[in-house]
Structures are given as C-alpha cells and as structure tokens.
Amino acid sequence: MNNSVTNTARLLWAGLRALLVLTLVTGVLYPLAVTGVAQSLFSHQANGSEIKADGKVVGSSLIGQAYNLPLKKGRQTPEPDLKWFRGRPQNGLGTNSVNTRYELILSGATNRSGDNKDLIDWVTAAKKAVIMDNSVPGYTVGPEDVPAEAVTSSGSGLDPDISPQYADIQVHRVAEKNGLPVAQVRKLVDEHTDGRTLGFIGEPRVNVLELNIALKALVEKG
C-alpha cells in the first residue's frame, strides 16, 4: 500500500515538473524568442506593415482602403472621391464603425459563381463606372482597356494593390481633378510600381494607399 502511494506521488510530481518545464519553454521562452527575432529582423512586418503619413499611422500596406465622399442623405452607398486613385471593388462584407476609412471589417470572397446574376450585375455596373469615371476630355477609356481587377473584388476583399494597367487608365482623371500635369501623375505611378517578387513571382503591382499618400504630398507641394 505504501509503495503504491509513493509511486503515485512520484509520478504526479514528475508529471507536474514536466508540465511546468513545458509551460516555461513553450509558453514563455519560445514566444519571447520568436517575438525578439521578429522585432529585431522584421519589425515592419511584425508590427502590421504600417504606413505613416504626416507622422501618423494611416493604414497598412497589406489592407486596401476605400476613397469615397461622405455618404449623402437618402443614399445607401457613398460616391467615389474621384481625385484619388481607386483600388479594387469591395463588395460589402461589412462596415467598420471605429475607423470608417476601412470599408470592410471581414475578410472573404463573395462566393458567387461565374454565371451568378448578382456577380454579372456587379461586374457590368463596375465596368460602366470605370469607363465613365476615367474618361475625361481628350482621353477616353474603352471597354477593352478595363482590367479584370478593376471590376472584381479579390478573394479576401482587402487587396491593397492594383495593376499598373488599372493605375494608368486613372492617370488622366486624377490629373484633371487635382490640377496636375498628366506626365507628372504618370511619373508618380511609375515610381510606385513594384515588379515581380524576386523577379519571377506574381505580377507587377501598385499599392494604392502608398500612391495616394504620394499624390497628396504632390498636390500640397504644388
């Protein structure tokens, strides 16, 4: 009987020591090590890839933002603010009452099939809007000029980038709305166009938030 109690106590104590050691290693030391490496070598990414303007954090390079006018009375959706470059459509997965510059609070796809009427209507309306908004005196956007990402949301609904092609068809409109030379705005797009990752992964892209921050600085400068 005494041996049985002694063995049980010994096993319980061994188990408790193992629990304490594993808790220390996996619950304290490992997280501290990972956090230390992340903050020392990848601090920008570890802290959310924050983008700052005028000394303030205005967003993340990983999350797209909406650029709309204040919602007018009687309307359910705001009108686009056409002085800014536009990102990909965000098909209403929710609203953020804390930071209204972010249209979405949830991440996910619309889950509509290619022949779904809602999706077809969204794409058709978006294409008409892109053509109408970006066609200005002396420059006309044709249906063949509109890239796919200009009329469809991404799988996450939060894509921060657009293609150089989509940015290019917005140049004339942005230049006109801000009273800037077209060549100056196009140069701005070129300066904010990133190539393929490692030279072969993905496609060339333009981060809309970073581009609009540079646009704002250019307008204020001149």
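If I ask for residues that are touching a Leu at 6+ places or on another chain (Cβ under 9 Å) and at positive phi, which ones from segment 45-76 would you list?
Result: Gly48, Ser49, Gly59.
Of the residues in segment 41-69, how many are surrounded by fewer than 14 Cβ atoms within 10 Å (Cβ to Cβ) and among the hydrophobic types (A, V, I, L, M, F, W, C)?
Qualifying residue count for the region: 4.
Could you grab the pairs with beta carbons closer than 9 Å, sequence gap of 6+ or different chains, first residue in segment 204-222 and of a type in the set (Asp, Glu), second one outside any helix (DSSP H, G or I)?
Glu210/Ile51; Glu210/Ser61; Glu210/Pro160; Glu210/His192
Determine whether segment 159-167 contains at least one residue that is more than 11 Å from Gly87 (Cα to Cα), assigned by TED's automatic domain parsing to the domain that holds Gly64 and at pLDDT 90 or above.
So far as segment 159-167 goes, yes, one or more of its residues are more than 11 Å from Gly87 (Cα to Cα), assigned by TED's automatic domain parsing to the domain that holds Gly64 and at pLDDT 90 or above.
Results for (1) under 27 Å from Met132 (Cα atoms); (2) modelled with pLDDT of 85 or more, shown as yes or no for each residue.
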{"residue": "Arg17", "(1), (2)": "no, yes"}
{"residue": "Val25", "(1), (2)": "no, yes"}
{"residue": "Pro31", "(1), (2)": "no, yes"}
{"residue": "Gly108", "(1), (2)": "no, no"}
{"residue": "Ser113", "(1), (2)": "yes, no"}
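Kindly state which helices (runs of 4 or more DSSP H) lie completely within segment 1-86 and contain at least 1 residues that are touching a strand residue (DSSP E or B) at 6+ places or on another chain (Cβ under 8 Å).
Working: elements: 2-24, 30-41, 43-46.
Counting at least 1 such residues, we get 43-46.
Scanning segment 136-161 for residues that are in contact with a Phe, Trp or Tyr (Cβ under 8 Å, 6 or more places away or on another chain) and closer than 20 Å to Glu210 by Cα, which turns out surrounded by the fewest Cβ atoms within 10 Å (Cβ to Cβ)?
Here the residue is Glu149.
The values are calculated or read from the model by the stated rules, or taken from the named source; none is laboratory data. Since we're looking at a predicted model, the values are computed, not measured. Don't worry about glycine lacking a Cβ; one is built from the backbone with ideal geometry, like all the others, and counts go over all protein chains shown.
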